[in-house]
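A.B. asks: First the structure, which I've put down as C-alpha cells, then a few questions once you've had a look.
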Amino acid sequence: MIKQLFSNHKLFALLYFSMLLIDILVKLNLPPFPFRLFSKPFILLLLLVYYIFNKTGNNKRKQLWMFLALISFFVGDLLIINNTNLIFVSISLFVFSLGKIFFCLKFSHRKEYRISRLIPLAVLLFCYIIFFTALLLNDLKSFFIPALITFFLTLLMFQLAYLRKDVFNKESYFYVLFGVFSYSICEGMMAIKTFKFDLQFQDFFIMFLYGLGLYFVVFGIINEKEDEHKLLEKQEV
C-alpha cells in the first residue's frame, strides 16, 4: 500500500498538495505552536520518502547529496516555524544554505558546455542581485552577509540547474529548472516580507511556491534516465 502510494506519481501528487494546502491553512488560521509542528514536517518527509522510492542511477554520492539536501530543508523548516527568535532564524538560514549546497552538488556535472549559453542567464542573475541589493540594503543590517550568501547560493543552484540542459532529458531538465525558479521567487518574497514590507497574500504565495518548487525539483530528479546516469559516469571517470 505504502509502496503503491509513493510509486504512483499522480496519487502522490494528490497526497502531497493536499498536505501542502493543509499546512497553508494551518499557517493562515492557527497559531504556529503547536499546530505547525504537526503540519509542516510532513511536506519534506513526504518528498524524502518519495525520492527514496523513486531514485534513479547507481551513483551513491549523488543520491546522498539529494538525501542530505532534503534533510537540511526539513530541519530548516522546523527551525523557521519560530520566526520571532533571531537565533532560530539564523540557524535556519545556515541549514537552508547547506541544503542549497547539497542541491548544487547534485545538479553539478563535468560535461562540457558552451560559455555563450551562460551569458543571457548571467545578465538576468546580475539584474536579480542588483534589484534585491538596492531594495533591501538599508534594512538587512546584521543579516546582510547571511542574506547575501543565501541569495548567492540560490543563484548558483539556478545556474547549475540551467546547465543540466542536454545532459538530462527535457522533462527532467524543465521540471528541475521550474522548481528552482519557483523557489527563487518564494525566497525573494520572503526576504521582502521579512525585511521591507508586506505583500498581498504573501503567506499563501510564499508557502505555495516553496512547496511547489521543492516538489518539481524532486520530481525532475526522479525523471532522470538510467542511460543518462551511465553516460555521465563514463565521462567522470
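A.B. asks: When the helix-only estimate is applied to the chain (DSSP H runs of n ≥ 4, each -39,500 (n - 2.57), divided by the residue count), what is the mean residue ellipticity at 222 nm, nearest 500 deg cm²/dmol? Working shown, then result.
C.D. replies: On the way: 11 runs with 195 residues, N = 237.
Value at 222 nm, helices only: -28000 deg cm²/dmol.
A.B. asks: Please give the net charge around residue 22, taking every other residue with its beta carbon less than 14 angstrom from that of residue 22, where Lys and Arg add +1 and Asp and Glu add -1.
C.D. replies: Net charge in that neighbourhood comes out at +2.
A.B. asks: To continue, here is another question. So, counting K/R as plus one and D/E as minus one, what does the shell of residues with Cβ under 11 Å around residue 187 add up to?
C.D. replies: +2
A.B. asks: How much space per residue, in cubic angstrom, does the convex hull of the C-alpha atoms of segment 1-141 take up? Numbers along the way, then the final one.
C.D. replies: Numbers: hull volume 23.5 nm³, N = 141.
Once divided by residue count, the hull of segment 1-141 is 167 Å³.
A.B. asks: Which three semi-axes in whole Å describe the equivalent ellipsoid of segment 162-237, each the square root of 5 times a Cα gyration tensor eigenvalue, listed largest first?
C.D. replies: Values: eigenvalues 219, 26, 12 Å².
Ellipsoid semi-axes (Å, largest first): 33, 11, 8.
A.B. asks: Now for a different question. Given (1) 18.0, 53; (2) 19.2, 69; (3) 20.2, 82, which label gives Rg and Dmax of the Cα atoms in Å as computed from the coordinates?
C.D. replies: (1)
A.B. asks: Give me the percent of accessible area attributable to carbon and sulfur for segment 1-225, probe 1.4 angstrom.
C.D. replies: On segment 1-225, the fraction of accessible area on carbon and sulfur atoms equals 73 percent.
A.B. asks: Right, another one. Using alpha-carbon pairs under 8 Å, 6+ residues apart, how would you state the relative contact order of the chain in percent?
C.D. replies: Details: 245 pairs, mean separation 52.6, N = 237.
Relative contact order comes out at 22 percent.
A.B. asks: Given a 1.4 Å probe, how much area per residue of the chain is accessible, in Å²?
C.D. replies: Solvent-accessible surface per residue comes out at 54 Å².
A.B. asks: Residue 9 label point, 7 Å along Cα→Cβ, cut-off 13 Å on backbone N: hits in segment 146-171?
C.D. replies: Within reach of a label on residue 9, which here means backbone N under 13 Å from a point 7 Å along Cα→Cβ, segment 146-171 contributes 169-171.
The values are calculated or read from the model by the stated rules, or taken from the named source; none is laboratory data. Nothing here was measured: the structure is a model prediction, and the numbers come from that model. As a convention, Cβ positions derive from the backbone with ideal geometry for all residues, glycine included, and neighbour counts pool all protein chains shown. Accessible surface areas use protein heavy atoms only, side chains included; no ligands, DNA or RNA. Shrake-Rupley method; radii C 1.70, N 1.55, O 1.52, S 1.80 Å.
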